[in-house]
Amino acid sequence: MALKGAALLNASTLLAAIGFLLFGYDQGVMSGVVTNELFVGTMGHPNSGLMGAIVALYEIGCMAGALSTGYVGDKLGRRKTIRYGCLILCIGAIIQTAAVNAPMMIVARIITGIGNGMNTATIPVYQAELSPPKSRGAHVAFEASLLTVGVAIAYWLEYGLYFVPGEFAWRFPLAFQMVFAIVLGIASFILPESPRWLIAHEYEDEAKDVLARLWSDGDVTHPRCIAEYEEINEGIILERREGISSYRELFKKGKMNNRYRVLLGMGGQLIQQFGGINVISYYLTDVFKQAGMTTEKAMLMAGVDSIIYFLGAVTPIYTIERLGRRPLMYGGLIGQAVTLLIVGGCQYVVQTTGNQQASSAVVAFVMLYNFIFGAAWLGLAWLYPSEIFSTGLRARGNSMSTAANWLGNFVVAMIAPVLFEYAKYWTFLLFGILNVLFLIPIYLWYPETKGKSLEEIEVLFSTQEIQDDAKSMASHIGSTAMYDKNQDSQSALERASRPSSRRFPSNFSGRNSADVKNDYNNEKGPNF
């Protein structure tokens, strides 16, 4: 029996969450592996530069995988792209597990990265395209919170294996990532394709079936189903009139302001990366060892930190649709700046005086930093790009923003060991200052997207001419959000579990057009 309603929406959210759990596990697993003496010996006792390459070239693979989804994701669909990503990741994981030298490990890391890059570029798009406007942010925040669970699994698994002799202690964690990839791949056969991809590729009946399963217990004539179908269809017609479908269009200003959207998506991902998170994630054990801990205690505290990280990551599920995107962006950057500057100061005291109280402060503020990052930028950097592109360019645009994430990830992972060796406590001060500087572009260029459908956001970023066209010929844009608001503020999940049999009232279309027209007339647009 096919899943429907709340069960289907929850299952799609869980699919996305498993993908990010795998992502988090991959992010955290190398933190314990690189400190294992047998691993270091197998790799030929690499210097800091080569060790950085072993860790960071994975990001180059991720970037290549993400870029490929601009074509693959639109050609094959969201589900098949995830499926192939999982297959490629498993091949890379097998080679990693069997690696006998540094070159073999580097090749394996790149292959694994390609698969993970395909998943991380596709999963947020899939999640955003299935979620209702009022809770889209919460769903993406939930999937991002599972990233921290993946990190926690990696840290605690490696802490337990620290006491296990032999190469099993570092080979098993690298093999274990295949478990999550296999689960994710199987789930992609069970869940439906994105209705927006289906409509864009002229599978209208299949799209209506998916929307009906999501919102109306299979009733394709239900108002909620019709509202979203018409809104998606009119948004696609509107963008096709402008002929936007190629990578070249992403870098043109044009009537859809696509270049602006790309710069915002890529900029948000770079802000996340250069906010310092992967200095912590990849080298957390080393950070604690620099604070004067033994390897055993450092690995234990990394496990404790992962719990704090998770607690921070679940808060946006409740705050992102109440506070909005911009307030969380501001709060995250300010909190990250303060904590990193304090960590840098305490590291200075530890390195110059050996003060144990300062060592404890390093641990405390690193954990506070991870809590703040989880509460804000962990999910925001993935949510915002998945919202701001039109249907025809969403896969391509999100592939560019995700590639920017992995490029930033690569740069930080490469330079971190060198910074720790030569800049020492200045490493944290540098990233703290960058967080302060990042407040400027957020203030100037990032508009709020809370509560809007993807088609409303598509028009929000466009020129006045496109907005005028939307008023006159795309009157259903905004109808999904309006219908949701008219249901006594019920959540989308509640409506799915208690479907109504009501049809559109006779004046539904007229009210919708007027409301949308007023919304656009009062909207200042993205360049406010």
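The values are calculated or read from the model by the stated rules, or taken from the named source; none is laboratory data. In this text the structure is predicted, and so the values were computed from the model without any measurement. Please note: Cβ atoms are built from the backbone with ideal geometry, for glycine as well, and neighbour counts cover all protein chains shown. We work out accessible area using only protein heavy atoms, side chains counted, and drop any ligands, DNA or RNA first. Shrake-Rupley method; radii C 1.70, N 1.55, O 1.52, S 1.80 Å.
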Condition test on Tyr84, is it among the aromatic types (Phe, Trp, Tyr), part of a helix (DSSP H, G or I) and in contact with a Ser or Thr (Cβ under 8 Å, 6 or more places away or on another chain)?
no
Residue pairs qualifying under the 9 Å Cβ cut-off, at least six apart or on distinct chains, with the first in the stretch 70-85 being within 18 Å of Ala403 (Cα to Cα) and the second being not in a helix (DSSP H, G or I), are Asp74/His201; Asp74/Ser245; Arg78/Glu193; Arg78/Ser194
Do any residues in the stretch 293-314 that are closer than 20 Å to Val33 by Cα have Cβ atoms under 7 Å from those of residues that are among the aromatic types (Phe, Trp, Tyr) and crowded, with 23+ Cβ neighbours inside 10 Å, where the two are at least six apart or on different chains, and which pairs are they?
Ala298/Phe288; Met301/Phe288; Ala302/Tyr155; Ala302/Phe288; Gly303/Tyr155; Ser306/Tyr155
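This table checks each residue for (1) farther than 29 Å from Ala6 by Cβ; (2) touching a residue at least 24 places away in the same chain (Cβ under 8 Å); (3) of a type in the set (Gly, Ala, Ser).
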position: Tyr155; (1), (2), (3): yes, yes, no
position: Val164; (1), (2), (3): yes, no, no
position: Ala169; (1), (2), (3): yes, yes, yes
position: Phe180; (1), (2), (3): no, yes, no
position: Leu184; (1), (2), (3): no, yes, no
position: Pro192; (1), (2), (3): no, yes, no
position: Trp197; (1), (2), (3): no, yes, no
position: Gly218; (1), (2), (3): no, yes, yes
Scanning for something crowded, with 23+ Cβ neighbours inside 10 Å and basic (Lys, Arg), does the stretch 390-410 turn up at least one residue?
yes
Is one or more of the residues making up the stretch 30-43 under 14 Å from Glu158 (Cα atoms) and small (Gly, Ala, Ser)?
yes
Within the stretch 40-59, restricting to residues that are among the aliphatic types (A, V, I, L, M) and part of a helix (DSSP H, G or I), the one that is modelled with the highest pLDDT is Val40
Can you name the residue in the stretch 248-263 that is in a helix (DSSP H, G or I) and open to solvent by 50 Å² or more (accessible area, probe 1.4 Å) and is also farthest from Ala375 (Cα to Cα) among such residues?
Arg248
Where residues in the stretch 269-311 are at negative phi and not in a helix (DSSP H, G or I), which of them is most open to solvent (accessible area, probe 1.4 Å)?
Thr294
Mind listing just one residue for me: the one in the stretch 201-227 that is of a type in the set (Gly, Ala, Ser) and modelled with pLDDT of 90 or more and, of those, surrounded by the most Cβ atoms within 10 Å (Cβ to Cβ)?
Ala207
Filter result for Met266 (assigned to a helix (DSSP H, G or I), open to solvent by 10 Å² or more (accessible area, probe 1.4 Å) and under 19 Å from Thr339 (Cα atoms)):
no
Report, by residue number, each residue of the stretch 175-190 that is under 23 Å from Ser135 (Cβ atoms) and surrounded by fewer than 20 Cβ atoms within 10 Å (Cβ to Cβ).
Ile190
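Yes/no matrix, rows are residues, columns are (1) closer than 28 Å to Thr122 by Cα; (2) out of contact with any Asp or Glu (no Cβ under 7 Å at 6 or more places or on another chain):
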| position | (1), (2) |
| --- | --- |
| Leu300 | no, yes |
| Val314 | yes, yes |
| Gly324 | yes, no |
| Leu340 | no, yes |
| Thr352 | no, yes |
| Leu378 | yes, yes |
Please tell me if Gly331 is open to solvent by less than 20 Å² (accessible area, probe 1.4 Å), of a type outside the set (Asp, Glu) and assigned to a helix (DSSP H, G or I).
no
Scanning for something closer than 24 Å to Ile280 by Cβ, of a type in the set (Val, Ile, Thr) and either modelled with pLDDT of 90 or more or surrounded by fewer than 20 Cβ atoms within 10 Å (Cβ to Cβ) (or both), does the stretch 63-86 turn up at least one residue?
no
Single residue of Glu230, Glu234 found to be closer than 30 Å to Gly73 by Cβ, open to solvent by 50 Å² or more (accessible area, probe 1.4 Å), touching a residue at least 40 places away in the same chain (Cβ under 8 Å) and of a type in the set (Asp, Glu)
Glu230
Can you tell me which of (1) at pLDDT 85 or above; (2) over 15 Å from the mean Cα position of the chain (by Cα) is the one Gln290 doesn't meet?
(1)
When only residues in the stretch 424-465 that are open to solvent by 70 Å² or more (accessible area, probe 1.4 Å) and assigned to a loop (DSSP other than H, G, I, E, B) count, which is modelled with the lowest pLDDT?
Lys424
Which condition number in (1) over 18 Å from Asn398 (Cβ atoms); (2) surrounded by fewer than 18 Cβ atoms within 10 Å (Cβ to Cβ) is the one that Leu89 fails?
(2)
Taking the conditions exactly as written (farther than 16 Å from Leu378 by Cα, under 21 Å from the mean Cα position of the chain (by Cα) and either at pLDDT 90 or above or part of a helix (DSSP H, G or I) (or both)), does Arg326 satisfy them or not?
no
Across (1) more than 26 Å from Tyr309 (Cα to Cα); (2) buried (at least 22 other Cβ atoms within 10 Å of the Cβ); (3) touching a Ser or Thr at 6+ places or on another chain (Cβ under 7 Å), Ala108 clears everything bar (3)
Among the residues of the stretch 132-153, the number that are polar (S, T, N, Q) and buried (at least 24 other Cβ atoms within 10 Å of the Cβ) is 2
